[in-house]
1. Over the chain, what is the relative contact order in percent, taking alpha-carbon pairs closer than 8 angstrom and at least six residues apart?
2. How many Å² of accessible area per residue for the chain, probe 1.4 Å?
3. Extending each Cα 7 Å along its Cβ direction at E633 and D356, get the distance between those two points in nm, one decimal.
4. 5 Å is the cut-off here: which amide hydrogens, built 1.01 Å from N in the peptide plane, fall below it relative to F210, excluding neighbours closer than 5 in sequence?
5. Suppose R0 equals 56 Å; then what is the FRET efficiency for E72 and K195 from their Cβ-Cβ distance, rounded to the nearest 0.05?
6. Which of the pairs K472/K535; K53/K606; K342/K624; K226/K266 have their Cα atoms more than 27 Å apart in this structure?
7. Just to verify a number: what accessible area does F382 come out at with the full protein assembly present, 1.4 Å probe, Å² rounded to tens?
8. Carbon and sulfur atoms: what percent of the 1.4 Å accessible area of the range 74-215 do they account for?
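The values are calculated or read from the model by the stated rules, or taken from the named source; none is laboratory data. Because the structure is a prediction, the values reported are computed rather than measured. Backbone-built Cβ (ideal geometry, glycine too); neighbour counts: all protein chains shown. Ligands, DNA and RNA are stripped out before the accessible areas are found, and what is left, the full protein with its side chains, is counted by its heavy atoms. Shrake-Rupley method; radii C 1.70, N 1.55, O 1.52, S 1.80 Å.
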Amino acid sequence: MVLSGRLGVLRVLGLFAVFDAVCLLDAGMLFPRESSSREVKELNGVWSFRADKSPKRNQGFESAWYKRRLAETGPVIDMPVPASYNDITQDPTLRDFIGWVWYEREVVVPVRWVADEGKRVVLRVGSAHYYSVVWVNGVKVTEHEGGHLPFEAEIGSLIRNDPSNACRITIAVNNTLTLETLPPGNIQYLNDPTKYPDGFFVQNIFFDFFNYAGIHRPVLLYTTPKAYVDDITVVTDFLDNTGLVLYNISVQGAATATLNISLIDKDGYSVASSSKPSGVLKVVDVKLWWPYLMHQNPGYLYSLEVRLLSANGISTNEDVYTLPVGIRTVNVSSTQFLINNKPFYFHGVNKHEDADIRGKGLDWPLIVKDFNLLKWLGANSFRTSHYPYAEEIMQMCDRHGIVVIDECPGVGIKDIRSFGNASLKHHLAVMDELVRRDKNHPSVVMWSVANEPASEMHPAEFYFKTLIEHTKALDPTRPVTYVTDSNYAKDKGAPYVDVICVNSYFSWYHDPGHLEVISIQLNTEFENWYGKYQKPIIQSEYGADAVPGLHNDPPVMFTEEYQKVLLQNYHSVFDQKRKQYVIGELIWNFADFMTVQGIFRVVGNKKGVFTRQRQPKAAAFILKERYWRLANETGTLPPWTKYPCSF
């Protein structure tokens, strides 16, 4: 079958118009994948570590610790990478440390990498919190502002300068937050000598999770040829049973090059091909990417294989990169969220990258366990509250059909000084990095630019108007939102979002203990927001703390019974409003997580329906029963999923 007629032509022309906007970013940040032309060497494991505990936290720079082995500068300890450093030792000063910490590892680079001058060698850090400076053999190669997102540098020339020596990698990381960082914070010096020791200060934060720090995601070396595939962008659509994959290939290091592009299905057959750097691939009898529990075959992925052939007059070189591609569409109306032109209802969770000992460090057993629990629960979605999650997690979402609201680290924007030009500039840069990294994930259906900002402040209107318009220009294919807890009548950014995402904690933070007010207040909230903005609404947070094993009847706060009944009261209103304009519900939270110490938190936030160790509370079973009922009402389930008790 071929596309024909005026409708098909208009559809393709519309794709090209959108695609011009999606290709605005200059350089790529493709996830490192091995192929016949590329190798990956993981540097995970035990690194040397030293915290700079000097009064101004700058001894490491003043004494140039990066110029020699870290152990020669003073005492070092073992530190796992990836992991947060906070919970690794018994040292309370390191758990709450603010300032520069230093990591080092010596790496043996394969001889063939060093000998082949036609090979690029790239050092990549998956994420580090929050400001990082990187040296190789004492030479600075890059620095990066912000956590949660990857950065990299080409280091081939450095390691070839002295191939007989090991490659010494030094990374200094600073977790200090200011009013211009994301997330924001500030340093408060307490100078009263009758109360505090000399030089005492605290890091104030405006968010409710522990400020874990360190190198949180894998550190890698990877190779490419000198002429290489730098970036790939795909935008997908379909018409009847024909899929459309609009693609653009960015090449670096080659004056002239030949491309061979194939779209390969799961059975290994090429279903479309091209030799052009950009164009449209047409897929007959397309298998669409569907969310979990919405279709009998969720998470279907094709493979876009790109082969680049380049010649330098002496030899011909090839670079091969394969990108998973899911073909699907996303649209929003005034009352619905549509995936592949079918109404989609978010029944999911909010999460955190958080666990015992490793903090925010990437941990494969935990990731796989969490996805098993999500599927057991019947959840079809989550929000990356309140920062971008690891690329490995996004890839799992693609494969399993878990829908993602992809949120940047814009949490805790409460101070009016955080709406200034410097803050906005950094926020825009973070959105550039996030879109560049995640633009090709079919699981990502919406961008969230912030969580619970002080959006009623006057400067917030220009700030969020600029931020949202910028994000839409980067990617017109996905809706943009931010998550609010403001008064509907005073929210300055709501006119610019595509979907209203509202957090509320009735009978918890408001009217605590009075479960009877939930139905009235929640119904009023929904009516107010929809009446003013005429946009679909997601209940993006709701919940209550429950200490596992704490029981009382009648229910009282902090018991499992109270959490369960609170959820049921919310659900009754959701069931009324989802027939109108409510398009989703995301529980806060999937699992208990760590917070700063304070009188309102007993060893962390206990609003999880699972404990921090991933054991279910009573609320998990309430949610499971509800989510599977919703899935049976709205989805097309394979027989083996219709009875969740079989899991």
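1. 13
2. Each residue of the chain exposes 40 Å² on average to a 1.4 Å probe.
3. 3.8
4. Here the answer is M594, T595, V596, since their amide H atoms fall under 5 Å of that of F210.
5. On the way: r = 39 Å, r/R0 = 0.69.
Step by step, r from the Cβ atoms, then E = 0.90.
6. Numbers: K472/K535 17 Å; K53/K606 33 Å; K342/K624 23 Å; K226/K266 31 Å.
Violating the 27 Å Cα-Cα cut-off are K53/K606; K226/K266.
7. Surface accessible to solvent at F382 totals approximately 0 Å².
8. Details: 2980 of 5800 Å².
Carbon-and-sulfur percentage of accessible area, whole number: 51.
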